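A.B. asks: Quick one: the structure is below, and I'll ask about it shortly.
The values are calculated or read from the model by the stated rules, or taken from the named source; none is laboratory data. This one's a predicted model, so the numbers in the text were calculated from it and none came from an experiment. Counting neighbours? That spans all protein chains shown, and the Cβs are built from the backbone with ideal geometry, glycine included.
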Amino acid sequence: MKRHPHPSRGRRSTPQGEHRPVLLAEVLAALDPQPGQVVVDATIGWAGHAVELLRHVGPSGRLVGFDFDADNLPHARARLEALGCPFSLHQGNFAGLPTILAAEGITAIDGVLADLGMSSMQVDDAERGFSYVRDGPLDMRMDRSRGRTAAQLLAALSEEDLRQALHDLGDEPEADRIARAIVRARQSAPIERTADLVRIIREATDGDAKQAWRLHPKPGQWNLHPAARTFQVLRILVNRELANLEQLLRVLPAVLNPGGRAAIISFHSGEDRLVKVAFRDGLAAGLYSRIAPDPIRAGFEERSANPRARSAKLRWAERSGS
Ligand SMILES: C[S@@+](CC[C@H](N)C(=O)[O-])C[C@H]1O[C@@H](n2cnc3c(N)ncnc32)[C@H](O)[C@@H]1O
C-alpha cells in the first residue's frame, strides 16, 4: 500500500475542543482514494479524516458523510466547504448506510471509513455526560433526539444485567462490586450525574486508595481510572454500538463497488473482534478479495502525541470483482 505523509507529526497532546484524526496516513493508505471516486465517512465528527478524503477525490468526486450527533455537522460542513468539492452531510446512524445512499441516488461507493466511538469534543463537553473527570448529566447519547440516557439505563437494568455487561463488554474485574453498589445507591436516589456514578464506583472499588491514576501519564505509567470501564460500557449500551457495527458490517459488501475498500478503526476489543470476523468470513465467502492480515496500530510517535491512538486498531477489506 502507498505511504501517505503523516499530517499530525510533531504535536504532543490533543488540545481541548480539537479532535486529532487517528491513523490518518494509514486510513489514506488503506482506502487509497482517487480523483472522481465516491467515498463515505460514516462517522464524520469534525471531518478530520473527511477533509483529507475529500481532498483526494477532488472536484470530480464526492464525499457523503454522516454522524449520529447533529452537533458535529456544522463544524464538519465549515471545514469541508473550504475545499470547494462536492459533499453532502446527514445526521443519522451508519447502520442505515444503504438507505441514506439511496436517498442521494447513489447505488455504490468506492470507499468507506468508520472511525468508531466518540470524539474528543463529545468527551470534553461535560453536558454530554461521557466524561468521568467532568461532572455533568448522565446522558451519553450520541444522538440526543432519541433513545434512553445512561441515567435511565442505570435506573432500569437489573443487577445481574449490569454485572454481565460490565464483565462482557468492559472486562471489568470489579463487575460484581460495581453492579451491587449501583443497585444499592439507586434505592436511595436516582443516579443522574457523572460525579455521582464516579463516587459510587470509587467507594465500591476503593479506587482512590488502590489505583492512583493519571490522565496524561508517562509511557508505562498508565493506570486506568476506576470508572473508565463502566463509563465505556454504559456508552456502548446507550448507543447500541455493537448492534450498529454488526449491521454496518452486514451491508458493506452490498454498497461497495468491485475493488472498493472499507476501513474501520475500533477502540474496543469487542468491536475489533466483530470487524475481524466479518472481514475474514467475507474473504472466505469471496465477497472480499483482500483484507488486512493484522490490525494496523499507531506508531510510537502518534501514540505519544495522542492518547486516543493507543487503543486504536485499523482493519481494511477490499470488495472482490473488477
Ligand atoms: C471518533 S469520532 C469520529 C471523528 C472523525 N473521524 C474526525 O476525524 O473528526 C466518532 C464519531 O462517530 C459518531 N458515531 C458513533 N456511532 C455512530 C453511528 N452508529 N452512526 C453514525 N455516527 C456514529 C459519533 O457521534 C462521533 O462523532
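A.B. asks: Are any residues in the stretch 25-45 more than 8 Å from the ligand (Cβ to nearest atom) and of a type in the set (A, V, I, L, M, F, W, C), and if so, which ones?
C.D. replies: Within the stretch 25-45, Ala25, Val27, Leu28, Ala29, Ala30, Leu31, Val38, Val39, Val40 qualify.
A.B. asks: Specify which of the listed residues (Thr107, Thr99) is in a loop (DSSP other than H, G, I, E, B) and not hydrophobic (A, V, I, L, M, F, W, C).
C.D. replies: That would be Thr107, the only listed residue that is in a loop (DSSP other than H, G, I, E, B) and not hydrophobic (A, V, I, L, M, F, W, C).
A.B. asks: A follow-up question, please. Run Arg310 past the list (1) more than 16 Å from the ligand (Cβ to nearest atom); (2) of a type outside the set (Val, Ile, Thr); (3) within 28 Å of Arg202 (Cα to Cα) and report the number of the one that doesn't hold.
C.D. replies: For Arg310, the failing item is (1).
A.B. asks: Here's a check for you: in the stretch 204-246, which residue that is at pLDDT 95 or above and among the acidic types (Asp, Glu) is nearest to the chain's Cα centre (by Cα)?
C.D. replies: The extreme case among them is Glu241.
A.B. asks: Quick one: which residue in Gln247, Gln232 is in contact with a Gly (Cβ under 7 Å, 6 or more places away or on another chain), assigned to a helix (DSSP H, G or I) and within 15 Å of the ligand (Cβ to nearest atom)?
C.D. replies: Unique residue meeting the criteria: Gln232.
A.B. asks: For a quick check of your reading of the model, give me the residue pairs whose first member lies in the stretch 85-107 and is away from the ligand (no atom under 14 Å from the Cβ), whose second is of a type in the set (Gly, Ala, Ser) and modelled with pLDDT of 95 or more, with beta-carbon atoms closer than 6 Å and at least 6 apart or on different chains.
C.D. replies: The qualifying pairs are Cys85/Gly58.
A.B. asks: Considering every residue within the stretch 256-268, establish whether at least one is in contact (Cβ under 8 Å) with a residue 60 or more places away in the chain, charged (D, E, K, R) and farther than 26 Å from Arg141 by Cα.
C.D. replies: Here is the first cut: in the stretch 256-268, the residues in contact (Cβ under 8 Å) with a residue 60 or more places away in the chain are 256-268.
If we keep only those that are charged (D, E, K, R) too, we end up with 261.
Subsequent filtering for residues that are farther than 26 Å from Arg141 by Cα retains 261.
So far as the stretch 256-268 goes, yes, one or more of its residues are in contact (Cβ under 8 Å) with a residue 60 or more places away in the chain, charged (D, E, K, R) and farther than 26 Å from Arg141 by Cα.
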